[in-house]
Every structure is written in C-alpha cells, then in structure tokens.
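Reading through the structure tokens given below for one structure.
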Amino acid sequence: MQIWRAILAHPTGRIGAAIIGLYILLALLGAVGLTPHDPLQQFRIDRLKPPSGTYWMGTDLFGRDTASRLMVGIGQSFIIAFASVGLAALAGSIIGLLAGWWGGVADGVLMRIMDVLLSFPAILLALLIIAIVGPGTFTSVAAIAIVYTPIFARVVRGPTLSLKRREFVDAARTFGSSQRYILSHHLLLNLVAPLTVQVTLALAWALLTEAGLSFLGLGTQPPAPSLGLMMSEARNLMQQAPWLLAFPGLTIMLGILGFNLFGDALRDILDPRSQERSS
Amino acid sequence: MSRLLSVRDLRVGFGRRPEAAPVVKGVSFDLEAGETLAIVGESGSGKSVTALSVNRLVDFGGGRIVAGDMAFTRADGSVLDLRQARGRDLNRIRGREISMIFQEPMTSLNPVHTIGAQIEEAFRLSRGLRGAAAHKAALEALERVRIPDAETRLRYYPHQLSGGMRQRVMIAMALAGNPRLLIADEPTTALDVTVQAQIMALLAELKAQLGMAMIFITHDIGLVAGVADKVLVMQDGVAVEQGALDQVLDAPQHAYTQHLLRAVPHFSGGRAVRDDAPQAGARHAIVAVRDLSVRFPFGRSVFGRSAGAIHAVEGVGFDIVRGETLAIVGESGSGKSTTARAMLGLVDVHRGRIETSDAESRRPVQMVFQDPFASLNPRMTVDSILAEPAIAAGRKQDAELRERMLFLLGKVGLAEDALLRYPHQFSGGQRQRLCIARALMLNPDVVVLDEAVSALDVSVQAKVLDLLVDLQEEFGLAYLFISHDMAVVERIAHRVAVMYAGEIVEIGSARNVLGQPQHSYTKRLIAAVPGIELRRQHYALDSSAVPSLVRERGYEPPEARWRDLGNDHRVRLEDE
Amino acid sequence: MSYLARRLLTFPLILLGVSLLVFFSIRLIPGDAITAMLGTEAGLLTPAQRQALAAYFGIDQPVVVQYGRWLTGLLRGDLGVSVTYGRPVLDVILERFPLTLELALLSMLIALAVGVPAGVLAATRKEKASDVGIRVLAMLGQSTPNFVVGLLIIYILSVYFGFIPAMGAFTSLWVDPFANLGQLIFPAITLGFAFAASVTRISRSAMLDVLSDDYIRTARSKGAPGRSVIWHHALPNALIPVVTLSGVEFGYLLGGAVIVEQIFALPGLGRLTLDAIAQRDYALVQGSVLFIAFNFLIVNLLVDLAYAALDPRIRLGAR
C-alpha cells in the first residue's frame, strides 16, 4: 500500500518499522516456544552467569536465561499494550465522536466525566483498579485502557468539532443525508488518519506504563517473565550482575523507541501540516 | 529620474535542488526612484516570489535565488547587488530602504504584542527611536494612515481591529523608516471593496507625499490601473510583457495580456448586463422569501437567557424566478451568506418565511459553496461524492445513477475517468465544476451559489461563469448568486439585491441597480470598484465604517420604508 | 474571563465526581480494613471488639451514609482519621506534600531550562547537525522509562562513587538546603529527563509552526535581526503548547512519582497512596486521591491563567 511505501521511505519511520517488526517476530518465536532455553527453567549451577555463548544475555539469580525471558516478556508487554490501546481507542473514539457531534449538554457531561478520569495520575488510577481486581494481565489491560480512554476522547472530539463545521458536512445537510451517513462518511473517514497516529503513539505510552506497573509488582505476576519485573528483581543485584539491568532496560527502551519513531513518521506522512516541519 | 533598482535575469527556485524547477525563470525589470511598477499575474505565476526576492525574504520561505542580479541604489548613492548582500546589510536595508506590506492583514501582525509596540519597534529598528520619541512617532504614524483615536488604538492588540485597520497599521509600520521602495504584495485582496478603495487612496496619497517607489503585486489588472506607471505581466515565472501603463492596457502585445484583459470580467456600470431575462409574463416565483430574519444570540447565561443577539439578517424578502439569476451583493458581514444558508436550512431562522411553490424537484434548492477545497470530502472518490445526494434521497447506486453522474460530468466539462479519482487530484476550477455537478444530481429548481467563483483565478472564473450561464439556459435553472464582486455580478445577474448591515437596501433589475444606483451605500460600493476605464479617476478617502449588528435583547428594528422607482427598481429610504 | 468563571464552576463538580469514584471504588477492594490493619492479630478479635473498632472508624455504616458523613466532614476541612497512622488524614498528607511539591518543581525547572532552549535551537537550525542531535536525544529521552533512568543513575553512583540512597527522614529545605538538594537532585534529574525530552519536542514543533507565520515575515521585513525575531516575536507565540504540556506533566508529578519515590526511597505522596491502598486505609486513600485531583485541577487553572497572560486574544476575548 501507499502508506507503507511512504513509511519505508521515511528515514526514521523505516527504523521504527524495523524495530517493531523484529519485536513482533521475537514475541511470536517466544510464544511458540522457540526460545534458546526454557524461560522458566532454573539452571541452578548457572546462577548469575554473565553473557556467554550459552546464555546470550546471562542468567538471573535463579539461573534462568535472560534472553529467553526477554522474548516471552516482549510478547506479554505487546499483548497488554495492543489490547489496552485497542479498547481505549474504541471507547474513546465513540465518546469523543458523539460528544463533538451532539455538542451542548451531552458534550459537557461526557467531557466532564473524561476530566474526572484525567485528573487522576495514570499510575494511581491503575493502582486503584489493580487493588480492586487484583494484579494480572487482564487488570493491566483494563487499567491502561481506562487511563487512555479520555485521551482518545479528546483526540477525537477536537477534529470532530472542526469537521462538523466544514463545508462538505454543510453540503451533506443540504442533500438531506442521514446522520449515520454523515458520521460514517464525513467524520469517521476523516478521523482515520489522526486516530492511526494517536494509536501508534499511545502504544509507546502503554508499553511505558505496563513496564512501570510490572516494575512495581502490580502487573504480570512471577514467575511469568515481564520486562518491568525483571528490572525490579535485578535492582539489588546491580553491582554483581549489571547485565540483568542492562538488557531488560535496553529492550524496553528500544521497543518504545520503535513505536515513537513509527508514530512520528506516520504523523509526518498523514498530517500535511507537519510535512515540511520534519521532512 | 534616477535608477533605483535594476533586476536582471532573476531566477528563483525552491527545495533541495532549486535550479531544477525554478518558479521565477529569468525576470528583468528596472525601477526609477518614485515610480510605481505593477506586477500582474494569476496564482502560481511567480509574481509574489519575484517581489519577495527583492528584499530577500524569499530566503526564509525555503527559496533560493539561483541566478541573476539585483542592483539596488542605496540612499548614500552606492550600488549594492541584493543577491550577494550579507545578512547584516540586508537587515539594515529592510525597513529603512525597502519596506513591505502583505496580503493577509489578519495574520501579518504579531498577535501577542500591541500595535503600538510593533510600530515603535519599526521606528527603533529603522531610526533608532526609543521611549517617548518612539511613542510620539508611532502616534503620528497612526494618524498619518487616518486611524481615528490613535492614542487609544496604540494600546490595542491586532485582534481588536478590523482587517482594513490592520492593513493601515501595516502601512504605518512599513513607512516608519521613510523607505525609498515599498513592496505591496496584494495588499487589498483580503479586504472588502470599499475598504480596498480606502487603502488604495491612502497608498496613492502617501506615495505622492513621500516620493517613494512602489512595486505593487496584484492579480487584478483593473486595480493597478489607477496607481501604476509601468506594468509587468507574469505567467509561469516569465515576464511575458512589460511597458508603460497605457501602452500595456490599450495596446497589449502578448496573447496572455490580451486574454487577461478580455477574459476577466471588468465592471462597466451596468452596461454589460445579460439581456436574456425571462419575459415578464413568464415570470413565476419558485421560491418566495418574506421578512426573513436570522439572529445569533450571544452571552448566554447559565439560565439560557442571552444578553443580546447579532442581527445577521433582518427583514429580507425577494423572489427567485425560473430561469433567472438574482444576485445578492454586499461586503463581509452584510448577511448575504447567512441569507443563503438560511435558504438551505443551515441556520435557524428567527422569523420569516421561505416558501417553495411550483417546484419540480423534491429538494428544489441546492447549494454550491465558496471554497471548492473545503466542500468536497477529501477522503471520498468522485463517484461517492456525486452519489451522495441520490443516496440521501433513498436511491440505489445502480447503472441509472451512474448514467446520471456521467451525464452531468460531461455537462460540466469533466472526463469520465474523474469518477474514480479523489478531490485533491483536481484543480480549484475542476473542483468547483464537481460541486456544480453534485448540486444538479437531484434536478433542483434553484441553485444557491455562495461566492462560488470567488476563490478561483480570474481566467478560470470566467470559464465557470460561462458554464453557469449555459447550464441555466439548458435546464431552466434559477440562481441565487451571492457575491462581493460587482464585475462578476454584472456578468451573470438579471436582478440584483444589495445588502448592507443585514438588510436589503436596494433591489431591482441589474441594469437599473448597477447603472443608476439610488441608495448611498450602493453608490459607494459601485464607486469603489476598480476598473481599467476608471483609471484616471482619483480615489477619494472615505473612512466610513459598517454599523454594528449587535443588538440588546428584545430589540426590534423599525419598519423599513421603501421607494418604488418603477421599472423593477426599489430602494430603501434612508434616515435623513 | 467568562471562560475562567465557567472553569471555576465545574471545579467542584469534577471534585465531586472524583470523590464519588474513589469512595465507591475502594470499597470494591476485597478484604476489610481491620484485617489489613491488624494483620494476623485481627483473628484474635471477638466479633464485638471488631464491631467496636469498625464503629470507631465509622466503617460500620452503610456506604452511602459513610459517604454523606465524609462529605460533610470535608466541607469542614475534616478528611477523617487514618487507620494506619491513627492521625488526621490531612496531617499525614501535608507532612508528605512538601517533598512531592519540591520534587515536582525541581523536575519542571530542569525540564524547562533544558527543553525550551534545546527546542528553540533545534527549530532555528532545522535539518542541521545540532537539530538532528537534539531530536535523537529527545526521542531517546521520551522512550526511556523513568525507572531505567533512575536505576542507571543509582548504578553509576554506587559503582563509581559508592553512594547508595537509603530510606531516611526527608530533610526540609528550610532546615538544611544542601542535604535537601542532595536528597532530591537525582530523583529530579530522573523525572526531568523524559519531561525535558517532551518539552524539547513540543518547543521545536511549536517554534517551527510559528516561524512560518506571516507576522514573522513582517518582523523580518522591518529589518529585525534574527535573535529578536526568535525570542521577541516567535517564542511568546510558541509557548502555549509548552505551557499546556508542562502543566499536565507537573500536575501528574504533584500526584507523587510512585516509581521514582520507590527507587530513591523517598517518603512522598505517591508512596503514601500506594501504601494506603495496600493497607485498605479508606480514609487515607480517599483523602490523598482527592488531594491529588484537587492539585491537578488547581494546576489546570493556573495553566488557563498562563494562557491569558501569554495571549491577549484569550485575555481580552477574540472577536
């Protein structure tokens, strides 16, 4: 497709796409068990081994292979990020679209509810949800989704407000087009581009939040590997085994970087206004 | 006279390889001290880029001068090639020796600084004035451009002033350094025609006072007729013709100049109106508008009561007759577009009736909007765009519908393969043709054309007007033609209504209203229209402003009194 | 100003929404406060003792009644008593707040001091080496979780300087400014890192937008030198998005930086809330979350005031 060609031609979008592609590949390999070692198996004689031919990224306190755990951890992070952002984008878009389209009282009520959610710091809201339902994958997804819903609602409401004043919507009204037709053809169709950009950037943020939650021990529960948890476990071993900190840290950073680069490239391509800004 | 500027073989390009596809391709001209050169051309002709090259502002827009030289004689008599000049020298020349005013007065002033601060800055930069001296100079400058109550206005921010006022501020600022050359880049294009006349008069007066030279960029050859000594006509980056004003206007040599002079509508005071109006006996109104009022309440409190309302349209009435064009002319804020939108139900009507009778279509009134770029959904293909009215009317997307689309595409002069393309793949004129085709999909009786040709280049405008006339004759359409452009109205209207401050002040046959205007506003409007034939006429300074439309809650206007001049010509009586 | 007035009107509404949400949602948390408070000793209580304890903390009533009581208390400035600390909630919060406020201010200071000049520089040197360098750094900054930065800083400190942050009492700025700064500077750098990256990116893109505006061309046509064009004409117009972003980030930092407080062993508002949730200390959770939301709204209001100060169109009302 045209958009893919544009991204691959974009100097940083290419790098972002490559990183995301690589991560998805690693996660898939991890999911079907094609890791160098069993991520849960404890090689008791090989505790805290530095990186080597056998253990590419060393082993942890229990003698588990870091590289294998990272591969599975990436998959875990991605599932949570994609699921939560997907939910948030869906709920937020519907709320934002209707608030913007209806205007008036409905807009006021919906957006004030969004303000209530927004006035909580993200991590705190997640903590509260996790305290209620208990930690785990599903909880992380729900927590992050709720945190990002108001953001999507705002992202969609703004353009909806300006789109509904555009002349092509006026024109549609003069033909007597139905509300459903106007919403689907004139509004949603034009919201696809800003939404795509926002989804990509939100994926980066979701990865960040997920890592933070699992770092605090509130996300994925041990012994299942997760990137934040691995870093948290490595904290007290940083002097003996710095690789336990370095590899998960780099993995998280690079993953988020991938989505940020990809999202920026998308914005350059889809938003004509920013085209000359950073070509 | 002494040579001020001599430009030779100027070539300017943009982007990474500016020499590959230059926008200005070898333009040469000379300018004597105190002389005015008009550069005329349509959009994309390179006229603005040429002007911006002279003070090298083109550098900041990503442009680069790839060849040529521009010898500028400085105040001290030394000659400098502006193309080779260094940044520091250019900063010293800009504002002191070469000043500039721009097309968009709404965006050309910094929104976060007061206009006083901005004018004072110009005096500081050009003459080193500071503090009280700068303040005094700014005050005098505002008075010089005829801004009333200048002392107070110095403390205003740009958004508190109208477009015409802002352009005066720009002029005051540009003249701070007593420049020897003023570059004016379409300075009146964004303004109403009466305001345009005020600005042109001011520029002419100040130019005579200060003896400065001027480069005046415009797309309107009629506008420069009154101010220019020399004319340079540009097309596709090339100067196709240049010479003394009378020579170029009276005996154009190049085909493009001839085309510009011929194809472009020029206002001739009602002598060029159409004479194909329907016979008096065959006149029956399809739409009758009676006592139409539209008000926009503002300052609504928590309890839903409004403090007052903008009376955008007040007591407007007219008939639209089959086969006839009724034009509504007026300036921004006159309520003409609101009237159009009320006809289509796009704004809530406060009072009055819009009655449709004798119509053949289920949706008898359709509309074409001003901006052909905004009125087509950029994400839909042309076939979905054209199908929309039919789908809204409950029809299926079948072969018959496709037939109709192809038929109309042919009528508006577009090829069949247009159906699968997106709006951005068409030019402005083609897009407006698409909009017309779309409006005709449901076989309307009346088409409302809201400034439908205003956004188009002059020669494209002429072709679309011809198309409209053809379609009117073929389908017996009635048009409600909303426009601010008297020359265009003269070409297409059978009847004309003049709107001012939300009310119709004069209505009648185009010949009568345009030829023998009776209301003082109509007279003023017509006098302000620039024209080649009016070139000897001097603009008189006139600084009247449009009355406010903001009314207190509960205000009702007094009943209008009319005088009937007979022969289809009515004028509203004015207060003594 | 009617816009600000409307903001002020919705203020109590949002706080009410926040309090409702918090009040009822924490009661969905499984487990009860008394068990959480006393741990295994709770098993030794007779039902009557348990009942008395619950009555003492007011948690024996139906939830709606509890909410009503709490709300009326709130109007008198009484946020209730913390089960964990046995002290008024407001006292506990205000004890932790100075640290959080100082940390947030310090982080924002770092972010603005680094981010704005870097963004402006990048915008004016578009596509040059310095622009590319700044953009790469900003992109990395935005992609690095703060615990990664924090742990990296601690690693460097411990390996090269033998310094390990220890949980200790927080030293107030007024008691010993140097000790105070020593405690806060590294957490502030940790938080300021990503913050500065965001500020840089938004300053750059806002400046690029503004630099292509018509009035910049006007300033140049007057002969204004480049420095004046950038700082006097462009920057004031580019600050609004920077203020928006800084306001939101600062507002969130006032809610306590849970992770950074954890890493650097700081007794801030974030950890207080985290612990209160774990302890089922209803009054404390309600109080601190409401306090945090209140701060967030205050910051938003300040941001609106800053808009008005920066932009006369907002201050005087656009026509």
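The values are calculated or read from the model by the stated rules, or taken from the named source; none is laboratory data. Not measured: the values here are computed from a predicted model. We place every Cβ from the backbone using ideal geometry, glycine too, and count neighbours over all the protein chains shown. The protein model used for the area step is the full one, side chains on, heavy atoms only, and it has no ligands, DNA or RNA in it. Shrake-Rupley method; radii C 1.70, N 1.55, O 1.52, S 1.80 Å.
If you find the alpha carbon centre of region B:341-355 and of region B:203-241, how far apart are they in angstrom?
First find each Cα centre; the distance between them is then 44 Å.
Quick one: what are the phi-derived ³J(HN,Hα) couplings along region B:178-188, Karplus 6.51/-1.76/1.60 with θ = phi - 60°, whole Hz, x for glycine and proline?
Ordered by residue, 3J(HN,Hα) equals 6, x, 8, 9, 10, 9, 10, 9, 6, x, 10 Hz.
Stretch B:Asp250-B:Asn567 to full length: gain in nm at 0.36 nm per residue minus the Cα-Cα span?
My answer for the length gained is 110.5 nm.
Given a cut-off of under 8 Å on Cα pairs at least six residues apart, what relative contact order in percent is computed for region B:98-178?
On the way: 99 pairs, mean separation 37.9, N = 81.
Dividing the mean separation by the residue count of region B:98-178 yields 47 percent.
Once the Cα atoms of helix A:189-215 and of chain A are each reduced to a long axis, what angle between those two axes, in degrees from 0 to 90 to the nearest 10, is obtained?
Computed tilt is about 30 degrees.
With the dipole of the protein assembly as shown worked out from charges on the C-beta (+1 for Lys and Arg, -1 for Asp and Glu) around the Cα centre, which of C:Gly141, A:Trp243, B:Gln247 lies farthest toward the positive end?
A:Trp243
Give the cross-link partners of B:Lys523 among the lysines, using a straight C-alpha distance below 24 Å as the criterion and excluding same-chain residues fewer than 8 apart.
Answer for B:Lys523, where 24 Å is the Cα cut-off: B:Lys336, listed by chain and number.
Roughly how much of B:His219 is accessible, in Å² to the nearest 10, using a 1.4 Å probe?
Approximately 60 Å² of B:His219 is accessible to the 1.4 Å probe.
What percent of all Cα-Cα pairs in region A:2-278 falls in each 5 Å bin, counting up from 0?
Distribution as computed: 1, 6, 11, 14, 15, 14, 12, 10, 7, 5, 3, 2, 1, 1, 0, 0 percent.
What's the angle, to the nearest 10 degrees (0 to 90), between helix B:428-440's Cα axis and the longest principal axis of chain B?
10 degrees
Using a probe radius of 1.4 Å on protein heavy atoms only, what is the accessible area buried between chains B and A, both sides summed, to the nearest 100 Å²?
1800 Å²
Using a 1.4 angstrom probe on the protein heavy atoms only, could you order B:His266, B:His311, B:His424, B:His284 from most to least accessible area?
Ranked list, largest accessible area first: B:His424, B:His284, B:His266, B:His311.
Helix C:129-143 versus the longest principal axis of chain C: what angle, 0 to 90°, nearest 10, using Cα atoms?
10 degrees
Per Stokes-Einstein, at 37 °C and 0.692 mPa s, what whole-number D in µm² s⁻¹ belongs to chain B, with the Kirkwood radius over Cα pairs as the hydrodynamic radius?
Taking Rh from Cα pairs, D becomes 126 µm²/s.
Using the Cα centre as the reference, give the magnitude of the dipole from point charges on the C-beta atoms of region A:2-278 (Lys, Arg: +1; Asp, Glu: -1; all else neutral), rounded to the nearest 20 debye.
340 debye
Report, ordered by chain and residue number, the aspartates and glutamates lying within cross-link reach of B:Lys411, taken as a straight Cα distance under 14 Å and ignoring same-chain residues fewer than 8 apart.
B:Glu403, B:Asp466, B:Asp470, B:Glu473, B:Glu474
With a ≥ b ≥ c taken as the square roots of the eigenvalues of the C-alpha gyration tensor of the protein assembly as shown, please select rounded if a/c is under 1.5 and otherwise prolate if a/b is larger than b/c or oblate if it is not? Mind showing how you got there, number by number?
Numbers: a/c = 2.03, a/b = 1.70, b/c = 1.19.
It comes out prolate by the Cα gyration axes.
Of all GluC sites (Glu not before Pro) in region B:100-146, which ones are in loop regions per DSSP and have a Cβ with at most 10 other Cβ atoms within 10 Å?
For GluC sites (Glu not before Pro) across region B:100-146 that sit outside H, G, I, E and B with at most 10 neighbouring Cβ atoms in 10 Å, the list is empty.
For region B:98-178, report the translational diffusion coefficient in µm²/s to the nearest whole number, using Stokes-Einstein at 20 °C, 1.002 mPa s, and a Kirkwood Rh over Cα pairs. Mind dumping the intermediate values first?
On the way: Rh = 12.2 Å.
Stokes-Einstein gives a translational diffusion coefficient of 176 µm²/s.
Only bridges with both residues in chain B count here: give the DSSP antiparallel percent, nearest 5.
Numbers: 54 of 91 bridges.
Within chain B, antiparallel bridges account for around 60 percent of the total.
For chain B, calculate the relative contact order in percent as a whole number, restricting contacts to Cα pairs under 8 Å that are 6 or more residues apart. Show your work: numbers first, answer last.
Values: 1153 pairs, mean separation 88.5, N = 576.
Relative contact order comes out at 15 percent.
Out of B:Tyr156, B:His135, B:Met173, whose Cα points farthest toward the positive end of the dipole of region B:98-178 (charges: +1 Lys, Arg; -1 Asp, Glu; placed on Cβ)?
Of the listed residues, the answer is B:His135.
Please calculate the 1.4 Å probe accessible area of B:Thr152, with all protein chains present, and give it to the nearest 10 Å².
Accessible area, nearest 10 Å²: 40 Å².
Under 28 Å between alpha carbons, and skipping anything fewer than 8 positions from C:Lys222 in its own chain: which lysines qualify?
B:Lys25, B:Lys47, B:Lys136, B:Lys207, B:Lys230, C:Lys126, C:Lys128
Using a Förster distance of 22 angstrom, determine the FRET efficiency expected from the C-beta separation of A:Gln240 and C:Ile189, and round it to 0.05.
0.30
Considering only DSSP beta bridges where both residues belong to the protein assembly as shown, give the percentage that are antiparallel (nearest 5). Don't skip to the answer; put the middle values down first.
Details: 56 of 93 bridges.
Here the share of antiparallel DSSP bridges comes out near 60 percent.
What shape does chain C have by the C-alpha gyration tensor, where a ≥ b ≥ c are the square roots of the eigenvalues, rounded means a/c under 1.5, and otherwise prolate means a/b greater than b/c and oblate the rest?
oblate
Once you keep just the Cα pairs under 8 angstrom separated by 6 or more residues, what percentage relative contact order results for chain A?
Taking the mean separation of contacting Cα pairs over the length of chain A, I get 25 percent.
Largest first, what is the accessible-area ranking of B:Lys207, B:Lys411, B:Lys523 with a 1.4 Å probe? If you can, show how the numbers build up before the last one.
On the way: B:Lys207 35, B:Lys411 65, B:Lys523 100 Å².
I get B:Lys523, B:Lys411, B:Lys207, largest accessible area first.
Top to bottom by accessible area (1.4 Å), largest first, where do C:Leu71, B:Leu292 land?
C:Leu71, B:Leu292
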